[in-house]
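Working notes for the structure below.
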Amino acid sequence: MSDTESFIDEVAEEVRRDRLFVLMRRYGWIAVLAVLLLVGGTAYREYTRASQAAEAQTFGDAILAALENDAASDRVAALDEIAAPTAESDAVLDMLIAAEEALDGNGTAAAERLNATATNGDLPEIYRQIASFKALTRPESPLSLDERRVAFEAMATPGAPLRLLAEEQLALIEIEAGDTDAALSRLNALLADSELTAGLRRRASQLIVALGGEIEAS
């Protein structure tokens, strides 16, 4: 390579460096800002996760401490003082309080608390369904047999999270109504369900035997 060509290459390289320096001065702040946003976003996410984990642990510890009380009335009082960090955890807390209220002989208050949770439109559907199921199975429920049947039929639709438990309750309602044949048919259909749990299988089988029916081969 001649001296002239070498000189031209050096000049071209110098021009490129000058242009790059100008671009960095003009737009370099964008790259810096992008890095700061990335680092800041990551730090904020980690802080949020840590805060949520700490809140959940504090909430859980408070519940465990409240449940260590010997008397149900004391457990209710202690649970009632806990501040839930989210609407969902508040629903769980209310269901725990309702269970303790029932143990304390205050089933009416338990049913009212469960119904309030079941009708809270701000909660996800699964929380409302669980609360509604618990309220419907309380002996203090003011609903008639037919009203309870309609409510459980709505829960027993395909794909519903409490479908199998609702089917069990429908069988119990049929027994209460004196329709043993319908109850046996429903219980045997329940035993053939692929999603049946071991506990529900045991209860359904015991009910069939108690009603004098036969367990059909699956």
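I'd like to know if segment 146-158 contains one or more residues that are surrounded by 12 or more Cβ atoms within 10 Å (Cβ to Cβ), among the hydroxyl-bearing types (Ser, Thr, Tyr) and over 17 Å from VAL92 (Cα atoms).
No, segment 146-158 contains no residue that is surrounded by 12 or more Cβ atoms within 10 Å (Cβ to Cβ), among the hydroxyl-bearing types (Ser, Thr, Tyr) and over 17 Å from VAL92 (Cα atoms).
Quick one: LEU191 ticks every box in (1) open to solvent by 60 Å² or more (accessible area, probe 1.4 Å); (2) farther than 24 Å from MET95 by Cα except a single one, so which number is it?
Failed condition: (1).
Working only within segment 75-119, note down all residues that are assigned to a loop (DSSP other than H, G, I, E, B) and surrounded by 16 or more Cβ atoms within 10 Å (Cβ to Cβ).
Within segment 75-119, ILE82, ALA84, ASP104, ASN106 meet the criteria.
Among the residues of segment 59-74 satisfying the criterion of being open to solvent by 30 Å² or more (accessible area, probe 1.4 Å) and of a type in the set (Gly, Ala, Ser), which is nearest to LYS134 (Cα to Cα)?
Among those that are open to solvent by 30 Å² or more (accessible area, probe 1.4 Å) and of a type in the set (Gly, Ala, Ser), it is SER73.
Would it be correct to say that LEU170 is more than 23 Å from PRO158 (Cβ to Cβ) and among the aliphatic types (A, V, I, L, M)?
no
Quick one: which helices (runs of 4 or more DSSP H) sit completely within segment 133-218 and have at least 2 residues that are among the hydroxyl-bearing types (Ser, Thr, Tyr) and at pLDDT 90 or above?
180-191
The values are calculated or read from the model by the stated rules, or taken from the named source; none is laboratory data. This structure is a prediction, so every number in the text was calculated from the model and none was measured. Virtual Cβ from ideal backbone geometry, glycine too; neighbours counted across all protein chains shown. Calculation scope for accessible area: heavy atoms of the full protein, side chains included, ligands and nucleic acids excluded. Shrake-Rupley method; radii C 1.70, N 1.55, O 1.52, S 1.80 Å.
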